[in-house]
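Reviewing the structure listed below.
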Amino acid sequence: MLRFVLHRLGLVIPTFVGITLLTFAMIRLVPGDPIELLAGERGVSPERHAELRAQYGFDQPLLVQYWDYISGVLTGDLGKSIVTKQPVLDEFFTLFPATLELSTCAIILAVLIGVPVGIIAAVRRGSIFDHVSMGTALTGFSMPIFWWALLLIILFSGILGWTPVSGRISLLYFFEPVTGFMLIDSLLSGQEGAFTSALRHLILPTVVLSTVPLAVIARQTRSAMLEVLGEDYVRTARAKGLPPRRVIGVHALRNALIPVITVIGLQVGVLFSGTVLTESIFSWPGIGKWLLDSIARRDYPSVQGGILLIATTVIVINLLVDLVYGLVNPRIRHHR
Amino acid sequence: MKNQSITLLAAATAMTFAVNAQAKTLVYCSEGSPEGFNPSLYTAGTTFDASSKAVYNRLVEFERGSTTIVPGLAESWSVSDDGLEYTFNLRQGVKFHTTAGFTPSRDFNADDVVFSFKRQGDENHPYHQVSGGSYEYFNGMSMPDLLKDVVKVDDYTVKFMLNRPEAPMIANLGMDFASIMSAEYADKMMEAGTPEKVDLEPVGTGPFQLVAYQKDAVIRYKAHPDYWAGKAAIDDLVFAITIDASVRYQKLKAGECHIMPYPNPADIETMKADADIKMLEQEGLNVGYLAYNTKMAPFDNPAVRKALNMAINKQAIIDGVFQGAGKAAKNPIPPTIWSYNDATVDDPYDPEAAKAMLSEAGVSGLSTKIWAMPVQRPYNPNARRMAELIQADWAAIGVEAEIVSYEWGEYLDRSKAEDRDGAVLLGWTGDNGDPDNFLAVLLGCDGVGGSNRAQWCHQPFEDLIQKAKVTSDVAERTALYEEAQLIFKEQAPWATIAHSVVYMPVRNEVQDYRIDPFGGHIFYGVDLAE
C-alpha cells in the first residue's frame with residue numbers, strides 16, 4: 001500500500017509543474033494587454049504604459065517572469081492582483097469557503113440522488129422509470145446552466161416566492177465570518193432564523209450545480225450495475241437463493257461502485273468549472289466568479305494563482321479518491 | 001481579520017441591521033465588487049459608487065443629478081488673473097467618520113487636502129507607493145504636468161498652483177480621484193505599520209461610512225451621524241452585489257432590493273409595465289461614434305467622409321441596436337453638456353446624394369473595414385449589430401466593408417495606430433461635464449496616435465479648443481466650443497451615431513432618486529416611504 005501511495009504522490013509533482021507552466025503560458029497567449037484593459041477608453045500614454053509594465057515585471061523576459069512566479073509559489077507567495085492590489089492568496093481564501101460549501105452540497109445531492117436512481121434504473125431495465133430517469137439525466141447533462149438557473153429563479157423565487165433570488169443569506173443577518181461556511185457560521189452566530197435563511201439560499205444554487213454531476217453519476221451507476229448484474233457471481237448468488245435485495249445491495253453494488261467512485265472524483269473538477277456560471281448567476285461570492293473576472297481583465301497573478309490553487313484542490317481530491325479506490329479494490333494496489 | 005472581509009465596527013453595533021426594525025435601510029443591487037475603497041487608485045465606476053460617492057467628499061461637488069458644480073469641502077474659491085493660482089476657502093466644522101480603527105481628534109482642514117493630492121502627485125511622498133501606487137485618473141487628467149504645487153496657506157485655506165492655465169480645473173477637482181482623505185488617519189496607520197488600511201478601511205467626510213464589506217457579496221454602510229450637509233434620510237445603505245442583470249431584476253421584483261442599475265434592454269418594457277416599479281430615465285453623458293482614419297486616403301477627403309455619413313441610416317440603428325433607448329447624435333458632445341450647439345445641422349440620410357458625392361470625389365469600388373468592439377458599453381449596446389447595419393447601408397452606395405473585431409484590450413490598442421485600416425466604432429462617457437473632456441481628449445491634435453481615433457488634427461478646430469482651455473469666462477468658452485462643433489460637422493472626422501438613454505428601475509417606495517449624468521449612483525438625498 002505504501003508503494004502505491006508513494007507512486008501516486010510521485011505523479012503529483014510533474015502534474016503540478018505542468019499546471020504552473022500551462023496557466024503561465026496560456027494567460028499570456030490570450031490576446032489582450034492588462035494595462036490597456038485597466039485604462040479602458042481613456043488609454044495610457046506610451047511612457048506610462050512602459051512604466052506600469054516595468055512595475056508589474058511584464059517587461060522581463062518570459063523565462064525570468066516564470067522563474068519569479070515559481071520562486072514565489074515555492075515560498076507561498078502567489079503575488080498581488082493587478083486590479084485590486086491585494087495578495088492573491090488572501091483573495092482566494094476569503095472566497096474559497098463559499099465555493100467549497102456549495103460544491104460539497106452539490107456533490108452530496110448528486111450522489112444521494114444519482115446512485116439510487118442509477119441502481120433502480122439498472123434493476124428495472126427497460127421500465128418506464130428507466131426511460132424517464134435516463135432521459136431526464138441526458139436532458140440535465142445537455143442543458144445550458146445559465147438558462148436552467150434563470151428558469152428556476154423565475155419559477156421558485158419570482159412566481160412562487162419559495163426561495164430567495166440570490167446571495168448566501170438574507171441581508172437582515174450580519175455576523176463576522178468564523179469558518180467561512182455560511183451554514184456553520186449562521187449556527188454559531190446564534191441569531192434566530194439565520195441558519196434557515198442560509199439553507200434556503202443554498203437550495204437553488206445546489207440544485208443547479210449538481211445537475212450535471214447528478215446526470216453523469218446516475219448514468220454511470222446504471223451502466224456499471226448492468227455490467228455487474230450480468231456477471232457469473234451474481235447469477236451464482238441468485239442461484240444460491242439469496243434474496244434479491246442482498247444480491248443487488250451487497251454483491252452487485254459493491255463492485256459496481258468502484259467505477260462510480262472514480263467518476264465522482266472526476267466530477268469534482270467538473271463542479272469547479274460549473275461554479276463559474278452558477279456563482280455568477282446566484283451572486284455567490286466564490287472563486288468561480290472571481291476567476292472569471294480575473295481572466296476577463298488579464299489579471300495574470302490572480303489567474304495563475306487561482307488556477308493553481310483550484311488544480312491543487314482537484315489533485316488532492318483525486319489523490320484521495322485513488323487511495324480510497326486502492327483500499328476498496330485490492331487488485332489495484334497489488335497491480336502497482 | 002482578512003482584507004476582503006473587513007468589519008469596521010463591533011458586531012454589536014452592526015447587529016442593529018437585524019434588530020432595529022425602525023431603521024430605514026436602502027438596498028441597492030450593485031453590479032459588481034469595487035476594486036478597493038480608495039477612488040484615486042482605480043478607474044471603474046463600480047469602485048467610485050462604493051467609495052467616492054458614498055464615503056468621500058471633494059473640494060467641489062457636482063449637484064446631484066446635474067453637471068453643475070457646487071461647493072463641497074471648499075465653501076468658495078478664487079482664480080488669479082493669469083489663471084495659474086486657485087485659492088480655496090475650506091469649510092469649517094467638517095467631521096471625519098469615527099470607525100473601530102480610528103477616532104479623529106480634529107476636524108477636516110488644509111492638511112487633508114494637501115495629503116490627498118501630494119500622495120498622488122509627489123513620488124517621494126511616504127504614501128505614494130502604498131497599495132500599488134498607480135493613480136491612473138490623476139495621470140489621465142494630466143495632473144502631473146499641470147499641477148505645480150498644492151500649498152497650505154492656513155488651516156482653512158489651500159492654494160493650487162498650476163504650470164499653465166486650465167479652464168476645466170475646477171470641474172476636474174469634482175472628479176472621483178480628487179476625493180479628500182484624512183491625513184491624520186494616514187499618519188496613524190503609517191505609525192502602526194499598516195498604511196494600506198487607509199485604502200481598505202476608508203475614513204472620509206462623506207454621507208455614509210463603511211461598516212463591512214464581503215467581496216462579491218455585500219457592502220454595508222451606515223449614515224454618517226455628523227455629516228456636514230445633514231445626516232442622510234436613510235439610516236443604513238446596503239449594496240447587494242448581484243452580477244447578472246436578469247437576477248437583479250428578479251431581486252427588485254421580489255423586494256430584495258430597492259434600486260438596480262443597468263437593466264437588460266430587453267426587460268425595459270416589462271419593467272415599465274410593473275406596478276411596483278418606477279422607471280427613471282435620462283440621456284447619458286456619452287457619445288457613440290464611428291471614427292474614420294483621416295490620415296488614410298480616401299478618408300483624408302472630408303467629402304468622402306461626409307458621403308459615408310449620409311449613407312448611414314441612424315434611425316435604423318437607434319431602433320435596432322438601442323431598441324429605442326438612444327438618441328441620434330449630431331455633435332461630438334451630448335446635449336446635456338453646456339455649449340452643446342443645437343444649431344448644427346446633421347448630415348441627412350440620403351443614399352442617392354451620398355453616391356453622387358462619392359463619384360464626384362472620384363471614389364469608386366471603395367472597400368474598407370468597420371471595427372466592431374467586442375464588448376457592450378454604455379454608448380453602444382451591440383457594436384457587432386451596429387457594424388452590420390452600417391455595412392448594409394454602405395453596400396447600398398457601392399462601398400464594400402468588412403467587419404473586424406479584436407479582444408477588447410487589443411481593440412483599444414490597435415485602434416490607436418495612425419496607419420490603421422478602416423473606421424472604428426467607439427465612444428466616450430464624460431468625466432467632469434466639461435466640453436474640453438470630449439473635444440480635446442477625443443479630437444485634439446495631442447490625441448493623434450492615442451485617444452483621437454480619427455487621427456484628426458485640424459488646425460482651425462485645434463486653435464478654438466486650445467483657446468477655450470485657457471479662457472475662464474464661460475460665455476466666451478461656450479462661443480468657442482459652439483464654433484468648434486460647426487467645424488467638426490463640416491469636416492466630419494466621425495460619423496456621430498448616438499447618445500444612449502440611461503434607465504434606472506426603482507421600487508415605488510424610493511423617493512427622490514436622481515440619475516447621475518456621469519453614470520454614478522448616489523444615495524445621499526434619497527429617502528424611503530414608510
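The values are calculated or read from the model by the stated rules, or taken from the named source; none is laboratory data. Values in this document were obtained by computation on a predicted structure and should not be read as measured data. Using ideal geometry, Cβ is built from the backbone for each residue, glycine included, and neighbour counts are taken over all protein chains shown. All accessible areas refer to the heavy atoms of the entire protein, side chains included, with ligands and DNA or RNA removed. Shrake-Rupley method; radii C 1.70, N 1.55, O 1.52, S 1.80 Å.
A compact table of results
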| quantity | calculated |
| --- | --- |
| Failed criterion for B:GLU360 (all others in (1) within 11 Å of another protein chain (Cβ to nearest Cβ); (2) without any contact (Cβ under 8 Å) to a residue 60 or more places away in the chain; (3) out of contact with any helix residue (DSSP H, G or I) (no Cβ under 6 Å at 6 or more places or on another chain); (4) open to solvent by 50 Å² or more (accessible area, probe 1.4 Å) hold) | (1) |
| Hey, B:ALA186 more than 26 Å from the chain's Cα centre (by Cα), over 24 Å from A:THR278 (Cα atoms), modelled with pLDDT of 95 or more and open to solvent by less than 10 Å² (accessible area, probe 1.4 Å) or not | yes |
| Restricting region B:401-444 to residues that are open to solvent by 10 Å² or more (accessible area, probe 1.4 Å) and hydroxyl-bearing (Ser, Thr, Tyr), the residue that is farthest from the other protein chains (Cβ to nearest Cβ) | B:SER405 |
| Test: residue in region A:221-238 that is of a type in the set (Val, Ile, Thr), within 14 Å of another protein chain (Cβ to nearest Cβ), open to solvent by 20 Å² or more (accessible area, probe 1.4 Å) and out of contact with any strand residue (DSSP E or B) (no Cβ under 6 Å at 6 or more places or on another chain) | no |
| Looking only at region A:267-297, and only at residues there that are open to solvent by less than 10 Å² (accessible area, probe 1.4 Å), among the small types (Gly, Ala, Ser) and touching a helix residue (DSSP H, G or I) at 6+ places or on another chain (Cβ under 6 Å), the one that is farthest from the other protein chains (Cβ to nearest Cβ) | A:SER294 |
| Count of region A:13-52 residues which are within 16 Å of A:ASP299 (Cα to Cα), open to solvent by less than 80 Å² (accessible area, probe 1.4 Å) and either within 14 Å of chain B (Cβ to nearest Cβ) or in contact with a Pro (Cβ under 9 Å, 6 or more places away or on another chain) (or both) | 15 |
| Qualifying residue in region A:140-147 (condition: closer than 14 Å to A:ILE203 by Cβ, open to solvent by less than 20 Å² (accessible area, probe 1.4 Å) and either within 14 Å of chain B (Cβ to nearest Cβ) or of a type outside the set (Lys, Arg) (or both)) | no |
| Residue under evaluation B:GLY255, criteria (1) surrounded by fewer than 19 Cβ atoms within 10 Å (Cβ to Cβ); (2) assigned to a helix (DSSP H, G or I); (3) within 13 Å of chain A (Cβ to nearest Cβ), criterion not met | (2) |
| Per-region count, region B:133-154, residues in contact with a strand residue (DSSP E or B) (Cβ under 7 Å, 6 or more places away or on another chain) and in a strand (DSSP E or B) | 7 |
| Members of region A:274-330 that are hydroxyl-bearing (Ser, Thr, Tyr) and not in a helix (DSSP H, G or I) | A:SER283 |
| For A:GLY118: the one exception among (1) closer than 30 Å to A:ARG246 by Cα; (2) touching a Cys at 6+ places or on another chain (Cβ under 9 Å) | (2) |
| Test for B:GLU196: is it touching a residue at least 24 places away in the same chain (Cβ under 8 Å) and within 12 Å of chain A (Cβ to nearest Cβ) | yes |
| Residue within region B:38-59 that is within 11 Å of another protein chain (Cβ to nearest Cβ), in contact with a strand residue (DSSP E or B) (Cβ under 8 Å, 6 or more places away or on another chain), buried (at least 24 other Cβ atoms within 10 Å of the Cβ) and at pLDDT 90 or above present | no |
| Tally of residues being open to solvent by 40 Å² or more (accessible area, probe 1.4 Å), in contact with a Phe, Trp or Tyr (Cβ under 9 Å, 6 or more places away or on another chain) and closer than 19 Å to A:LEU214 by Cβ across region A:241-266 | 2 |
| Residue in region A:23-40 that is within 29 Å of A:GLY326 (Cβ to Cβ), in contact with a Leu (Cβ under 8 Å, 6 or more places away or on another chain) and of a type in the set (Val, Ile, Thr) present | no |
| Residues within region A:81-98 that are surrounded by 20 or more Cβ atoms within 10 Å (Cβ to Cβ) and in contact with a helix residue (DSSP H, G or I) (Cβ under 6 Å, 6 or more places away or on another chain), tallied | 6 |
| Sole residue being modelled with pLDDT under 85 and of a type in the set (Phe, Trp, Tyr), chosen from A:TYR325, A:TYR300 | A:TYR325 |
| Some residue of region A:189-204 being within 30 Å of A:PRO259 (Cβ to Cβ), open to solvent by less than 40 Å² (accessible area, probe 1.4 Å) and not acidic (Asp, Glu) | yes |
| Number of positions in region B:473-530 that are in a loop (DSSP other than H, G, I, E, B), within 22 Å of the chain's Cα centre (by Cα) and aliphatic (A, V, I, L, M) | 3 |
| Selection within region B:263-283 - within 14 Å of another protein chain (Cβ to nearest Cβ) and either in contact with a Cys (Cβ under 7 Å, 6 or more places away or on another chain) or not in a strand (DSSP E or B) (or both) | B:ASN264, B:ALA266, B:ASP267, B:THR270, B:MET271, B:ASP274, B:ASP276 |
| Residue match in region A:167-181 (condition: away from every other protein chain (no Cβ under 14 Å), open to solvent by less than 60 Å² (accessible area, probe 1.4 Å), in contact with a Leu (Cβ under 9 Å, 6 or more places away or on another chain) and not charged (D, E, K, R)) | no |
| Residue under evaluation B:ILE243, criteria (1) within 14 Å of chain A (Cβ to nearest Cβ); (2) open to solvent by less than 10 Å² (accessible area, probe 1.4 Å); (3) among the aliphatic types (A, V, I, L, M), criterion not met | (2) |
